[in-house]
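See structure below.
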Amino acid sequence: MNDKYQSPLSERYASKEMQYIFSPDMKFKTWRKLWIALAETEYELGLSENGKPVITKEQIEELKQHADDINYEVAKEREKLVRHDVMSHVYAYGEQCPNAKGIIHLGATSCYVGDNTDVIIMTEAMKLVRKKLLNVINELSKFAMKYKDLPTLAFTHFQPAQPTTVGKRATLWLMELKLDLDDLDYMISQQKLLGSKGTTGTQASFLELFNGDHETIKKIDKKIAEKMGFEDCYPVSGQTYSRKVDARILNVLSGIAQSAHKFSNDIRLLQHLKEIEEPFEKNQIGSSAMAYKRNPMRSERIASLANYVMVDALNPAITAATQWFERTLDDSANKRISVPEAFLAIDGILDLYLNVVDGLVVYDKVIYQRFMKEIPFMATENIMMDAVKRGGNRQELHELIRTHSMAAGRVVKEEGKENDLVDRIAADKAFGMTKEEIESILEPKNFVGRAPEQTEEFITEVIQPILDANQDVLGMTAEINV
């Protein structure tokens, strides 16, 4: 195994659950289920020749007996000969089902199993993504509520700005995940099978099989869909379902990647500021050269995989744009790679996201220290208003506080000393305020606006109802491989 390429997505990042969804077993067992569904549908609709049924119950039972025990070696050997994966598996299935081999794939084209299976697999994969996304939202909502009242400097342009709270900042990450969940739920609800439409989507082969009976043929797709757990099939298609389906789904995954990347950026910046850190295990090595380092490697990995997903989403978009008429085959090799890898990567991202949120470390004293170094500048208007109430002249005080602020800024930036703005204002008799009176104005909670209330309202009114409706999938933990 060490003498050929192994995908890092399987070896390092994606979960066993997601790997199974895109495994050969899942794919080829689904093919066989589709062949059984087709045979059952044709049987139930009375497919006959000269008054005799073309398909029997015994043949269908034989197909069901070998639905899961796939003879891979027979299929592989056959594919070397005929260079066609679907017909190789039809042959292999027929070897196991000698009585039914003549009716396997009857009236269908390769895309009957290929495209329907792709939709089924992507739908299952989206459901797993949804489960993990909900668990991230759950853990992040707990974090937001826990720290809804903890004041912290907010940043615009990564420059200190009007304060917020640690919990309120977490709601910004949550809001983006909520948008992703909305998109994901919509796409899951929209999934339809291709059905069995034939070579160019006209169902001409079924018109032949059912002697031109249009009303019977109209029932085929609906019955196949129901047997495979779907409500319906696309009403029209060429040989394939529109490749825009793949593009739409991967765009949703790209949106999740965007949200996760944004979160990882913020955590990496906060870790640089020593305010919040991602989990760091007892024996973890941060740097091969600098033993003291605690690099935010999980957040960096989120960003790295997210970059891949965002770019990978271009693949189905280009594929959809460049299809010719009823179908071309230049989609096949690309979608075999781009679609599974997008799901495997987003699976790894969500495991990392959940792992990081579950173990975030908040250093409230560092947050407070940075807050207090900057807050005098931001509190100048409050200080000035208090001084006016004590009889000061607003215009004169404004000029004085501007002068003091500029001087204090020079002390911090040019001399590397502590912010002495409070001392300067207290020493200026024009303000008529003691240092203690000024410092009482600088209470952090006085500057966060409605951040605590916004956080609680958002969690209780928007997020909690979603979590309450999905209690059955919550409670996951995520272990990362490396």
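The values are calculated or read from the model by the stated rules, or taken from the named source; none is laboratory data. Remember, it's a predicted structure, so these values are computed and weren't measured experimentally. A quick note on method: Cβ atoms are made from the backbone with ideal geometry, for glycine too, and the neighbour counts reach across all protein chains shown.
A Cβ distance below 6 Å, combined with a sequence gap of six or more or placement on separate chains, defines the contacts here; from the range 407-434, residues that are over 23 Å from Asp386 (Cβ atoms) reach residues that are surrounded by 15 or more Cβ atoms within 10 Å (Cβ to Cβ) in the pairs Val411/Asp420; Val412/Asn419; Lys417/Val411. Find all pairs meeting these conditions: Cβ atoms under 8 angstrom apart; at least six residues apart or on different chains; first residue within the range 382-394 and touching a residue at least 60 places away in the same chain (Cβ under 8 Å); second residue surrounded by fewer than 19 Cβ atoms within 10 Å (Cβ to Cβ) and assigned to a helix (DSSP H, G or I). Cβ pairs passing all conditions: Asn382/Ile441; Asn382/Asn446.
Quick check on the range 67-81: of everything there that is surrounded by fewer than 17 Cβ atoms within 10 Å (Cβ to Cβ), of a type in the set (D, E, K, R) and in contact (Cβ under 8 Å) with a residue 12 or more places away in the chain, which residue is farthest from Met228 (Cα to Cα)? Out of the qualifying residues, it is Lys76. Being surrounded by 14 or more Cβ atoms within 10 Å (Cβ to Cβ) and within 30 Å of Tyr147 (Cβ to Cβ) is the requirement here; does Leu397 meet it? It is false that Leu397 is surrounded by 14 or more Cβ atoms within 10 Å (Cβ to Cβ) and within 30 Å of Tyr147 (Cβ to Cβ). His84 meets the conditions (1) surrounded by fewer than 19 Cβ atoms within 10 Å (Cβ to Cβ); (2) modelled with pLDDT of 95 or more in every case but one. The failed one is (2).
If the condition is being surrounded by 18 or more Cβ atoms within 10 Å (Cβ to Cβ) and either basic (Lys, Arg) or not assigned by TED's automatic domain parsing to the domain that holds Met385 (or both), then the range 409-437 contributes only Arg424.
What do you reckon, is Leu305 surrounded by 20 or more Cβ atoms within 10 Å (Cβ to Cβ), of a type in the set (A, V, I, L, M) and farther than 30 Å from Ser110 by Cβ? Yes: the conditions hold for Leu305. Any residue at all in the range 165-175 that's surrounded by fewer than 20 Cβ atoms within 10 Å (Cβ to Cβ), within 20 Å of the chain's Cα centre (by Cα) and on the phi < 0 side of the Ramachandran plot? Among the residues of the range 165-175, at least one is surrounded by fewer than 20 Cβ atoms within 10 Å (Cβ to Cβ), within 20 Å of the chain's Cα centre (by Cα) and on the phi < 0 side of the Ramachandran plot, which makes the answer yes. If you check Phe343, Phe377, Phe371 for being closer than 30 Å to Asn315 by Cα and among the aromatic types (Phe, Trp, Tyr), only one passes: Phe343. With a requirement of 2 or more residues that are within 30 Å of Glu341 (Cβ to Cβ), the helices (runs of 4 or more DSSP H) lying completely within the range 20-106 that satisfy it span 24-44, 72-82, 85-96.
Here Glu62 meets each of (1) at pLDDT below 95; (2) in contact with a Cys (Cβ under 9 Å, 6 or more places away or on another chain) with one exception, condition (1). The set of residues in the range 230-250 that are of a type outside the set (A, V, I, L, M), assigned to a helix (DSSP H, G or I) and surrounded by 17 or more Cβ atoms within 10 Å (Cβ to Cβ) comprises Asp246, Arg248.
Of all the criteria given as (1) out of contact with any Gly (no Cβ under 7 Å at 6 or more places or on another chain); (2) surrounded by 12 or more Cβ atoms within 10 Å (Cβ to Cβ); (3) within 27 Å of Thr164 (Cα to Cα), the one not satisfied by Met406 is (2). From the set of residues in the range 187-214 that are in contact (Cβ under 8 Å) with a residue 60 or more places away in the chain and among the aliphatic types (A, V, I, L, M), which is nearest to Ser237 (Cα to Cα)? The selected residue is Leu194.
Only residues that are hydroxyl-bearing (Ser, Thr, Tyr) and in contact (Cβ under 8 Å) with a residue 60 or more places away in the chain were counted in the range 305-363, giving 4.
Residue count for the range 346-391 satisfying the condition of being surrounded by fewer than 16 Cβ atoms within 10 Å (Cβ to Cβ) and closer than 30 Å to Phe22 by Cβ: 1.
Is it true that some residue in the range 202-213 is in a helix (DSSP H, G or I) and closer than 17 Å to Asn116 by Cα? Within the range 202-213, none of the residues are in a helix (DSSP H, G or I) and closer than 17 Å to Asn116 by Cα.
Among the listed residues Lys223, Lys178, Lys218, which satisfies the condition of being out of contact with any helix residue (DSSP H, G or I) (no Cβ under 6 Å at 6 or more places or on another chain), at pLDDT 95 or above and closer than 19 Å to Ala37 by Cα?
Lys218
Annotation note: Cβ proximity below 8 Å between a residue of the range 160-171 that is touching a residue at least 24 places away in the same chain (Cβ under 8 Å) and within 14 Å of Leu140 (Cβ to Cβ) and a residue that is polar (S, T, N, Q) and surrounded by fewer than 24 Cβ atoms within 10 Å (Cβ to Cβ) (sequence gap 6+ or interchain) occurs for Lys168/Gln454; Thr171/Gln454. Of the helices (runs of 4 or more DSSP H) that lie entirely inside the range 361-445, those containing 1 or more residues that are farther than 30 Å from Asp266 by Cβ and of a type in the set (Val, Ile, Thr) span 380-389, 394-414, 421-427, 435-441.
Before we move on, is Tyr5 assigned to a helix (DSSP H, G or I) and free of Cβ contacts under 8 Å to residues at least 24 places away in the same chain? No: the conditions fail for Tyr5.
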